[in-house]
Amino acid sequence: MTELSIGFTESERARVGELYWAAFGPKLRIAFRDEATGVAQVTAALRPDRALIARVDGQVAGMCGFHHDGHGAVDLSWARLRAGLGTAAAAWAALTLAPLDRSERKTPDGRERKTPDRREMNGVLVLDGICVAAEHRGHGIGSALLDAITELAAQHGDQWVQLSVVDTNPRAEALYRRQGFATAEHGSLGPLRHLYGFDRYRTMRKRTW
Ligand SMILES: CC(C)(COP(=O)(O)OP(=O)(O)OC[C@H]1O[C@@H](n2cnc3c(N)ncnc32)[C@H](O)[C@@H]1OP(=O)(O)O)[C@@H](O)C(=O)NCCC(=O)NCCS
């Protein structure tokens, strides 16, 4: 039986970190000296109050992070990075993580838009990563997480839910379209694409009411 709720216990933190890294490690990997450091930093930076968790028979099976009040599900702030990595490695991590939040975007009709930060906008709940454990995929958990987060956004008074999907993930994009999301903007990492393993991504939005 699948149950959804916001938050996880400290004993579940490692499992949530493992899921998040399995889904998003490839694009975050460049920020850290090695994989183990990346997993440890991301796991330590997870915020329970920004994570909607799906449990199957009491075990964490998936999560959907979201931004609220200036914080997302993985809070890799400068202070945290410096405390965990030291100044030089933290500077590299901050430098390489920044383009993932600030990059060039185009509206669907091709107009360019440069917004400094796409995580916080009035009336929009911005997701911070959705992932389901490989053994639980294809059983409706991702759809249930998206339904629940849309309801949460409506309760917050947000008119839209927004997410980003990379061009190398057409199956996830297909799921979002079936869930009622439509493309709001296209983005590109440009020359930085070789560092992150993807180039183009799209921002998709769904109305909450
Ligand atoms: C995308 C994801 C969260 C969907 O969760 P789910 O519980 O499998 O979703 P549902 O069972 O509700 O819907 C199934 C649909 O999810 C998508 N999906 C299934 N497996 C997927 C995978 N490995 N990667 C991406 N999308 C997948 C497909 O559209 C699938 O429909 P299909 O079987 O007709 O192709 C989950 O597959 C996942 O964690 N994938 C890897 C991480 C990822 O791609 N996250 C999204 C980043 S934007």
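If I go through segment 158-203 residue by residue, how many of them are at positive phi and either under 15 Å from the mean Cα position of the chain (by Cα) or part of a helix (DSSP H, G or I) (or both)? Walk me through how you get there before you give the answer.
Our first condition is that a residue be at positive phi; within segment 158-203, this holds for 180, 190, 197.
Cutting the leftovers down to either under 15 Å from the mean Cα position of the chain (by Cα) or part of a helix (DSSP H, G or I) (or both) gives us 190.
Counting residues in segment 158-203 that are at positive phi and either under 15 Å from the mean Cα position of the chain (by Cα) or part of a helix (DSSP H, G or I) (or both) gives 1.
Restricted to segment 104-142, and to residues there that are in a loop (DSSP other than H, G, I, E, B) and at pLDDT 95 or above, the residue that is surrounded by the fewest Cβ atoms within 10 Å (Cβ to Cβ) is G138.
From the list R50, R33, the one residue that fits, being over 13 Å from the mean Cα position of the chain (by Cα) and either closer than 18 Å to T96 by Cα or not hydroxyl-bearing (S, T, Y) (or both), is R33. Got at least one residue in segment 143-157 being near the ligand (Cβ under 10 Å from one of its atoms), free of Cβ contacts under 8 Å to residues at least 40 places away in the same chain and either in a helix (DSSP H, G or I) or on the phi < 0 side of the Ramachandran plot (or both)? Scanning segment 143-157, I find at least one residue that is near the ligand (Cβ under 10 Å from one of its atoms), free of Cβ contacts under 8 Å to residues at least 40 places away in the same chain and either in a helix (DSSP H, G or I) or on the phi < 0 side of the Ramachandran plot (or both), so the answer is yes.
Within segment 163-204, which residues are more than 12 Å from the ligand (Cβ to nearest atom) and under 21 Å from G123 (Cβ atoms)? Within segment 163-204, G180, A182, T183, A184, E185, G187 meet the criteria.
Only residues that are within 16 Å of the ligand (Cβ to nearest atom) and at positive phi were counted in segment 12-61, giving 1.
The values are calculated or read from the model by the stated rules, or taken from the named source; none is laboratory data. Every value quoted in this text rests on a predicted model; they were computed, and no experiment measured them. When we count neighbours, we look across all protein chains shown, and the Cβ atoms used for this are built from the backbone with ideal geometry, even at glycine.
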